[in-house]
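The values are calculated or read from the model by the stated rules, or taken from the named source; none is laboratory data. None of the values given here were measured: they were computed from a predicted structure. As a convention, Cβ positions derive from the backbone with ideal geometry for all residues, glycine included, and neighbour counts pool all protein chains shown. Keep in mind that these areas ignore ligands, DNA and RNA; they rest on the heavy atoms of the full protein, side chains included. Shrake-Rupley method; radii C 1.70, N 1.55, O 1.52, S 1.80 Å.
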Amino acid sequence: AYERRFPTCPLIPMFVASDTVNEYKSEDEAIHVIERRCKLDIDAPRLLKKIAGVDYVYFVQKNSLNRRERTLHIEAYNETFSNRVIINEHCSYTVHPDNEDWTCFEQSASLDIKSFFGFESTVEKIAMKQYTSNIKKGKEIIEYYLKQLEEEGITFVPRWTPPVTCKSESSTSHPRRPVSPAVNIPDSSTKEGLSNKEILNTSSSPTEPTAGTPDDKLDADYIKRYLGDLTPMQESCLIRLRQWLQETHKGKIPKDEHILRFLRARDFNIDKAREILCQSLTWRKQHQVDYILDTWNPPQVLQDYYAGGWHHHDKDGRPLYVLRLGQMDTKGLVRALGEEALLRYVLSINEEGLRRCEENTKVFGRPISSWTCLVDLEGLNMRHLWRPGVKALLRIIEVVEANYPETLGRLLILRAPRVFPVLWTLVSPFIDDNTRKKFLIYAGNDYQGPGGLLDYIDKEIIPDFLGGECMCEVPEGGLVPKSLYRTAEELENEDIKLWTETIYQSASVFKGAPHEVLIQIVDASSVITWDFDVCKGDIVFNIFHSKRAPQPPKKDSLGAHSITSPGGNNVQLIDKVWQLGCDYSMVESPLICKEGESVQGSHVTRWPGFYILQWKFHSMPACATTNLPRVDDVLASLQVSSHKCKVMYYTEVIGSEDFRGSMTSLESSHSGFSQLSAATTSSSQSHSSSMISR
């Protein structure tokens, strides 16, 4: 059936033609090797083909059929651009050692792009797209030719037997190489074929169980009660991986349910599942995760201000976790606790989820291996997009994805505001594709309509804050008092590090000596984002645009004040002779920021050129009724230190191509601000091209 795809295959449009360049047959006809040169019409942009100077790509494919051992090995590599790109692919069809009616299929490939005219990223995406589509097509193509053979009356191929002169050899059994289990290839009475889940890339060791050993099967009642429906192939993978752990792993052996999660996460590819499971077991031992529920008590700050908790179960019996993210002060929690404490708390939540799954399995009498998470985004605003907080979130997602696979059964995201696409753009690339498929997102009150919350949660347990009748004991969150914030030094003493230690910069601002940061924009519609804390004094924040670059920055000598500035730098970019409106222009209205305030915002650039972010000393206005200064102003002017302000800031530019699709949401998200953000500031400003929030 496989050979019928040559010299060309109508089911593979990109496969234009092939020529046999080498062929070998052994005298006893047990070995047949064919090497072909294949011509492919790759689905690539016309511009890329023009730059590369080719219309077609050539691959060399070598098929080795061994009738004696009943194996077919396929190797392929690229001939075109082999000095720039190296592609190797290996496939094999073998016979299962325990059931001769089963055929095992293995496939793997590697891609190494050394250089490609500056289009390395594009070539990688094209190659991955082509390879993925070929894998999906593989099952369909082999079934097509099997059916074709069947229609021709060919339903059986006789086994190879050695020539009569080799009788002495015929009595010798050839040991089979242990391989991965797969499924039965259909005969003439069956119309089914190989399923996608039955494509494996695994290998076995001789010590793995074979048919006839006591552990080669699991009890059917046990599977139904605790594991769910498993195919023979999946059951075999579970048994083999568990036995391998028992023989090699020194430490606690995870339960079958946990091993099964890792197998499902890698589509029952034993090698890949074994790799990530071993890494996870090592990680659990290093961080004493098995004992976290018994030995670790969350700090009181988390108990008071972390707006999340367990709340009954959904209609499928899964434990239900409720997270009121929109009401949670993520920045305050990070500043008060540090990233590590937050991560540890999330790990304890996951461990509690595993425990609740086991309890619900017993209560409902059927396997429950995952939980449902309900995330309420009412109140989500730019404060939640604080960069160190987002980066802490990304690290938490990375750790959870690696060590708790297949534990999220469903994620219900409710009341998503207009700013949500921005957060989703930042977070979604770090979430596994299989996990993303479990997300259901509702904007506004859509969750109350058809296909909404009632489809997944019983009416009696819908939380009161979502319009239900059930009192939810999840903390309401709110702002973490700044008195609970801890310094970087305090956190470092406990081996807890904040992102602010590496990405934030400090600056001093003096009367007559503002601090300025230069940002060059090449593409219009890029987004400049900032986040800063006013640590001391009051400042005015400005954004300017200039078509020409300012002179190289000069650090202020502070001679006028005779003060050094060990706590931060001071850089001035705007030349004294520049005139506002001529040499440079203001693109935002000035924003007055008081001591102790935190400000986050963004600006969508309209033109390329040079943008200058400026923090300027805010002078107190004179008395309104007279031209004389006020008494407080006179006293303040006598103190040199009153002329100094300090800010901690962070800026970043997001390219227009990375921000596309979220721009409208960001620009208009001011209207969605909640009471949480309103409590942090006395005013906020929003323009058609930017947004600032405190």
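Take residue 374 and decide whether it is open to solvent by less than 20 Å² (accessible area, probe 1.4 Å) and touching a Pro at 6+ places or on another chain (Cβ under 6 Å). No. Out of all the residues in segment 433-481, which are assigned to a strand (DSSP E or B) and surrounded by 15 or more Cβ atoms within 10 Å (Cβ to Cβ)? Within segment 433-481, 439, 440, 441, 442, 463, 470, 478 meet the criteria.
Scoring residue 379 on the criteria (1) open to solvent by less than 20 Å² (accessible area, probe 1.4 Å); (2) assigned to a helix (DSSP H, G or I); (3) of a type in the set (Gly, Ala, Ser) leaves a single failure, condition (2). It is to be established whether one or more residues within segment 216-232 are open to solvent by less than 100 Å² (accessible area, probe 1.4 Å), modelled with pLDDT under 50 and of a type in the set (Val, Ile, Thr). There is no residue in segment 216-232 that is open to solvent by less than 100 Å² (accessible area, probe 1.4 Å), modelled with pLDDT under 50 and of a type in the set (Val, Ile, Thr). Out of 332, 309, one residue alone is surrounded by 20 or more Cβ atoms within 10 Å (Cβ to Cβ), under 28 Å from residue 483 (Cα atoms) and either modelled with pLDDT under 90 or not β-branched (Val, Ile, Thr) (or both). It is 332.
Scanning segment 312-329 for residues being open to solvent by less than 20 Å² (accessible area, probe 1.4 Å) and not in a strand (DSSP E or B) gives a total of 4.
When residue 427 is tested against (1) surrounded by fewer than 19 Cβ atoms within 10 Å (Cβ to Cβ); (2) part of a strand (DSSP E or B), only condition (2) is not met. When the criteria are applied in full, residue 428 fails the requirement of being among the polar types (S, T, N, Q) and modelled with pLDDT of 85 or more. Mind counting the residues in segment 593-607 that are within 30 Å of residue 524 (Cβ to Cβ) and either open to solvent by less than 10 Å² (accessible area, probe 1.4 Å) or modelled with pLDDT of 80 or more (or both)? The number of residues fulfilling the criteria is 10.
Pairs are defined by a Cβ separation below 8 Å, a sequence spacing of at least 6 or placement on different chains, a first member in segment 325-337 that is within 11 Å of residue 305 (Cα to Cα), and a second member that is of a type in the set (Phe, Trp, Tyr) and modelled with pLDDT of 90 or more; the pairs so defined are 328/305; 328/306; 329/305; 332/305; 333/305; 333/306. Residues considered: 505, 520. Of these, the only one that is modelled with pLDDT under 85 and open to solvent by 90 Å² or more (accessible area, probe 1.4 Å) is 505. On the stretch given as segment 240-259, residues that are open to solvent by less than 60 Å² (accessible area, probe 1.4 Å) and more than 21 Å from residue 367 (Cβ to Cβ) total 3. Please verify whether segment 42-50 includes one or more residues that are at pLDDT 90 or above, on the phi < 0 side of the Ramachandran plot and not in a loop (DSSP other than H, G, I, E, B). No, segment 42-50 contains no residue that is at pLDDT 90 or above, on the phi < 0 side of the Ramachandran plot and not in a loop (DSSP other than H, G, I, E, B). Being open to solvent by 20 Å² or more (accessible area, probe 1.4 Å) and among the acidic types (Asp, Glu) is a condition met by at least one residue of segment 393-402. Within segment 523-552, the residues that satisfy the criterion of being open to solvent by 10 Å² or more (accessible area, probe 1.4 Å) and aliphatic (A, V, I, L, M) are 524, 540, 549.
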